[in-house]
Amino acid sequence: MRNDDRRKRVVVSGVAPEVDGGRYAVKRIVGEDVVVTADLIGDGHDLVTGDVLWRKAGRRKWNRVRLEALGNDAYRATFPVPGIGAYEFTVQGWIDAFGSWRRDLEKRVDANQDVAVDLLIGAALVREAAERAKGVGKRGLEKYAAQLEGEGDIEDRVEAALSDHLKATMDAWPDLEHAVTHDVVQPVRVDRRRAGFSAWYEMFPRSTSTKPGRHGTFRDAAKRLDYIADLGFDVVYLPPIHPIGKTLRKGPNNNPDGESGAVGSPWAIGAKEGGHDAIHPELGTMKDFKTFLAAAKKLGMEVALDLALQCAPDHPWVGEHPDWFRRRPDGSVQYAENPPKKYEDIVPLHFGGSRPDAMWSALYRIVKHWIDAGVRIFRVDNPHTKPFVFWEWLIAKIRKTDPDVLFLAEAFTRPKIMAHLGKVGFTQSYTYFTWRNSAWEFEQYLTELTTTASREFFRPNFWTNTPDILAEHLVKGGPAAFAMRTVLATTLSGNWGMYGPAFELMENVPVQEGSEEYLDSEKYEIRHWDLDAEPNVKDLIRTMNRIRHEHPALQQTNDITFHETTNGELLCYSKRAGDDVVLVVVNMSWAYPHSGFLNLDLHALGLAGGEKFTVRDLLDGATYEWEGERNYVELEPKDQPAHVFVLERS
């Protein structure tokens, strides 16, 4: 595929999708297509054509898909990615000598010119193609060449020359001797469906006991699974399940003077019972954990495990591998800090130590240990505090043997860092969803996520809350705010999550005014939850998860259109998958009713101007007959903060 031939007359440029010149992979879900666009530019008046070349990574032979001309030297082609794993593609272009000849022949025939010599020129091109062709194609081209050269009626020869069959056969055997191939071979990473469509429920197993104050076990947690499945979730995410350090163990509300009975933070990993490959004794055994995994699978759910690469001062590694940790001038191990916050119960790993290879290998073995136990999804704690090169190495190594494993990046940090974690291999990422509030903010943020280059490698997962994040709108907004955020999270993104039971039971008291920390946070103590407590948003969560499964339009993120409204407090957007069109209108104020007109983009909805159509609200069953682009809505947040319409043609 060398491009140094001086007889090459085509320039291939503007190839998309392409991530950092092919350095990182474009992401797709099994069954999706990769739509490739490119500019093919040739000198003079000859036609240019080309192919997208694609293959499963590691294979020698390229598959070819002919590029379709879009006008103005732009071209497009689509190829499928039918299985999990790594693919790659590039673009090749060349002068279409036969197509140029055929175009000019049509013009000459229309002008009643003598085309006898032109037919001989075409015959020569066909014979050259016959030498390249094989089998039926070769025999067919030889017959066409003879017919074009023959002494038969000129009209019959012209008809043969311009036949669609001849064109199709010639297209199948192009002259690629002087073709130009794009310099970049772009990798494509294909993941299983849950990478792009999932609903996550976070719970602490130690808080699942039915007896207040007693430490929950995996057996207790297994009994909670029916409840979670009934709400419609398919991923159950567990905070760290490993032994918890006792040194400087945190007490309730992050009290640094935790009494002897404090259970501590699960993220302070490691004690005399073991480290990252061990299970906290009070939760149970590995057998109990595998039974929990099996119970979740039986209900159609997967278990995501927290991967927190940090240690408690009691972790066996602290004594066994002192070079894996920073030391302060007094010889003590440097604990974790994010000034002014201090995490005295945690010591971070030092990736700049003297034996990085040994530490990297140990961390790989930890991940592989849990994969071999049956875990296929990991939520990664603070990945932005570890080297990018480590994650790129680790995720690539895991995928060589376990390509179906998914990684969610918990990285609430600067946008470009979050984006780069997506590039180096993370399957999904937490986002700024929790801190977006107004209609304008959401439109701007989703436009950034779905229309810029990030759509090719960054898969957002919208979380309503986490054990670390109790947003101000939940503190102040009451039930209407919880309902509004449920609708937004479940319809804006193909992936969404919530920390329960805090969210569905609408827990909203911060440890102090202005804080995002929960009062009596489950991070530091065992909580007993009354799952039947009122008020709650369980019915709405259950309904929205059901709607997502029934409507393909909501099972993806990128195909979204925002529609203008005459009221800035109303957010209106639609999603479409084939004939399935869902239109959502949300009152962004939890305190006041709002009304206004929607100025719908009818083309995005698959409608013609003036066409009558019906919208049926999937939340309350009400139907409305609409016509044209301008239609009226009003929403009272205390009764119903949103419409989730499905479009039905009249």
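Data table
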item: Residue list for segment 54-64, restricted to those being open to solvent by less than 50 Å² (accessible area, probe 1.4 Å) and within 22 Å of Asp191 (Cβ to Cβ); result: Trp54, Arg55, Ala57
item: Among (1) open to solvent by 40 Å² or more (accessible area, probe 1.4 Å); (2) modelled with pLDDT of 95 or more, the one test that Lys341 misses; result: (2)
item: Yes/no for Ser13 being closer than 30 Å to Leu119 by Cβ and hydroxyl-bearing (Ser, Thr, Tyr); result: no
item: Extreme residue, farthest from Arg193 (Cα to Cα), among residues of segment 545-561 that are touching a residue at least 24 places away in the same chain (Cβ under 8 Å), open to solvent by 30 Å² or more (accessible area, probe 1.4 Å) and not in a loop (DSSP other than H, G, I, E, B); result: Thr561
item: Single residue of Phe482, Phe462 found to be free of Cβ contacts under 8 Å to residues at least 60 places away in the same chain, assigned to a strand (DSSP E or B) and either hydrophobic (A, V, I, L, M, F, W, C) or in contact with a Pro (Cβ under 7 Å, 6 or more places away or on another chain) (or both); result: Phe462
item: From the options Leu421, Leu408, Leu449, residue that is modelled with pLDDT of 95 or more, touching a strand residue (DSSP E or B) at 6+ places or on another chain (Cβ under 9 Å) and not in a helix (DSSP H, G or I); result: Leu408
item: Test: Leu474 is open to solvent by less than 10 Å² (accessible area, probe 1.4 Å), out of contact with any Leu (no Cβ under 7 Å at 6 or more places or on another chain) and hydrophobic (A, V, I, L, M, F, W, C); result: yes
item: Residue within segment 193-204 that is over 30 Å from Val19 (Cβ atoms), part of a helix (DSSP H, G or I) and hydroxyl-bearing (Ser, Thr, Tyr) present; result: no
item: Restricting segment 237-270 to residues that are among the basic types (Lys, Arg) and open to solvent by 40 Å² or more (accessible area, probe 1.4 Å), the residue that is nearest to Tyr343 (Cα to Cα); result: Arg249
item: Check on Arg327, at pLDDT below 90 and farther than 18 Å from Gly270 by Cβ; result: no
item: Residue that is farthest from the chain's Cα centre (by Cα) [pool: residues in segment 181-209 that are among the charged types (D, E, K, R) and open to solvent by 20 Å² or more (accessible area, probe 1.4 Å)]; result: Asp183
item: Residue, farthest from Ile228 (Cα to Cα), within segment 271-300, restricted to residues that are open to solvent by 60 Å² or more (accessible area, probe 1.4 Å) and charged (D, E, K, R); result: Lys272
item: Some residue of segment 8-17 being under 21 Å from the mean Cα position of the chain (by Cα), touching a residue at least 24 places away in the same chain (Cβ under 8 Å) and within 27 Å of Ser454 (Cα to Cα); result: yes
item: Arg616 being in contact with a helix residue (DSSP H, G or I) (Cβ under 6 Å, 6 or more places away or on another chain), under 26 Å from Thr486 (Cβ atoms) and basic (Lys, Arg); result: no
item: Flag if Leu305 is assigned to a strand (DSSP E or B) and closer than 20 Å to Ile366 by Cβ; result: yes
item: Listing of helices (runs of 4 or more DSSP H) fully contained in segment 65-180 that carry 1 or more residues being touching a strand residue (DSSP E or B) at 6+ places or on another chain (Cβ under 7 Å) and open to solvent by 20 Å² or more (accessible area, probe 1.4 Å); result: 164-172
item: Matching residues, segment 9-36, being open to solvent by 40 Å² or more (accessible area, probe 1.4 Å), basic (Lys, Arg) and either under 17 Å from Leu70 (Cα atoms) or touching a helix residue (DSSP H, G or I) at 6+ places or on another chain (Cβ under 7 Å) (or both); result: none
item: Qualifying positions in segment 503-522 - crowded, with 19+ Cβ neighbours inside 10 Å and not hydrophobic (A, V, I, L, M, F, W, C); result: Glu504, Glu507, Asn508, Tyr518, Ser521, Glu522
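Residues checked against (1) in a loop (DSSP other than H, G, I, E, B); (2) under 30 Å from Phe197 (Cβ atoms); (3) modelled with pLDDT of 95 or more; (4) touching a Pro at 6+ places or on another chain (Cβ under 6 Å):
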position: Asp277; (1), (2), (3), (4): yes, no, yes, no
position: Ala296; (1), (2), (3), (4): no, yes, yes, no
position: Asp323; (1), (2), (3), (4): no, no, no, no
position: Gly352; (1), (2), (3), (4): yes, no, no, no
position: Leu363; (1), (2), (3), (4): no, yes, yes, no
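The values are calculated or read from the model by the stated rules, or taken from the named source; none is laboratory data. Predicted, not measured: the structure shown is a model, and the values here were computed from it. All Cβ positions, even for glycine, are placed from backbone atoms using ideal geometry, and neighbour counts span all protein chains on display. The protein model used for the area step is the full one, side chains on, heavy atoms only, and it has no ligands, DNA or RNA in it. Shrake-Rupley method; radii C 1.70, N 1.55, O 1.52, S 1.80 Å.
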